[in-house]
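> Please find one structure pasted underneath; my questions will follow.
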Amino acid sequence: MTGKIRTLGPGSFKITDAANGHDFSADLTKAQLNPSNSSDDPTKFLDGSEEANTSTTWTFEGTVGDDFSEDGVSVWLFDHAGQTLPAEFVPNTEGKIKWTFNVTITPIAVGGDVKSKNTNDLSLPATNVAHAAYTKG
């Protein structure tokens, strides 16, 4: 049994599509698979019972270091905007768990402060979230 792993990284975040794959791992300074839970107002029935519906939506969020080259993250995201692609997030390789899901690619901001190592926030809507065992290799 694996002990508790409390540190994010070393790990990975990759778009795993064979034709359009991309490894974001070396660009991310923050990474989080984030749920958002919402509940509808309960439906009340004549017999006094109630039924409430709760739903969860997901986003993969992170902070990426800017790379102003033609192979940079912002260019890749721009070129694939609107596509839904499979992804894999491993928070820490020692934890032996990976999260798989589909993300809808959205562009990020480009630029920031002059003569600075800029970062920009990334937020990709995620669906079909699941987890599985992770083995190195």
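The values are calculated or read from the model by the stated rules, or taken from the named source; none is laboratory data. It should be emphasised that the depicted structure is a prediction, and the values quoted were computed from it without experimental measurement. Ideal geometry is used to build each Cβ from the backbone, glycine not excepted, and the neighbour counts take in all protein chains shown. The accessibility values were calculated without ligands, DNA or RNA, using every heavy atom of the protein model including side chains. Shrake-Rupley method; radii C 1.70, N 1.55, O 1.52, S 1.80 Å.
> Would you kindly derive the ³J(HN,Hα) couplings of the range 11-27 from the backbone phi angles with the Karplus curve 6.51 cos²θ - 1.76 cosθ + 1.60 (θ = phi - 60°), listing them in order in whole Hz, with x for Gly and Pro?
Listing the rounded values in order: x, 7, 9, 9, 7, 9, 4, 4, 7, 10, x, 7, 9, 8, 3, 7, 9 Hz.
> Given points 7 Å out from each Cα along the Cα-Cβ axis, report the ALA109 to THR127 separation in nanometres with one decimal.
If labels sit at ALA109 and THR127, their model points lie 2.9 nm apart.
> Under the classification rounded if a/c is under 1.5, otherwise prolate if a/b is larger than b/c and oblate if not, where does the range 79-137 fall, given a ≥ b ≥ c as square roots of the Cα gyration tensor eigenvalues?
oblate
> If you take the Cα Rg of the chain and divide it by 2.2 N^0.38 Å, with N the number of residues, what do you get?
The reported ratio for this selection is 1.29.
> Let a ≥ b ≥ c be the square roots of the eigenvalues of the Cα gyration tensor of the range 1-76; is it rounded (a/c under 1.5), or, if not, prolate (a/b larger than b/c) or oblate?
Prolate shape, in that a/c is at least 1.5 and a/b is the bigger ratio.
> Based on the alpha-carbon gyration tensor of the range 62-104 and its eigenvalue square roots a ≥ b ≥ c, which shape applies: rounded if a/c is under 1.5, prolate if not and a/b is larger than b/c, or oblate?
Oblate is the answer for the range 62-104, as a/c is 1.5 or above yet b/c matches or exceeds a/b.
> Multiplying the sequence separation of ILE5 and SER25 by 0.36 nm and subtracting their Cα-Cα distance, what value in nm do you get?
Length gained between ILE5 and SER25: 5.3 nm.
> Could you work out which residue, out of SER39, SER74, SER12, moves most in a Gaussian network model of the chain, that is, has the largest mean-square fluctuation with Cα springs under 10 Å?
Between SER39, SER74, SER12, it is SER39 that shows the largest mean-square fluctuation.
> A further question follows. Excluding same-chain pairs closer than 8 in sequence, count the lysine pairs in the chain whose Cα atoms lie under 27 Å apart.
17
> To the nearest Å, what is the center-to-center distance of the range 64-81 and the range 82-116, using C-alpha atoms only?
The distance from the Cα centre of the range 64-81 to that of the range 82-116 comes to 12 Å.
> In the range 31-137, which chymotrypsin sites (Phe, Trp or Tyr not before Pro) are in a loop and have at most 11 other Cβ atoms within 10 Å, using DSSP for the loop call?
Hits after loop and neighbour filter: PHE45, PHE68.
> Find the accessible area per residue for the chain; the probe is 1.4 Å, ligands and nucleic acids are left out, and the unit is Å².
The answer is 65 Å² per residue.
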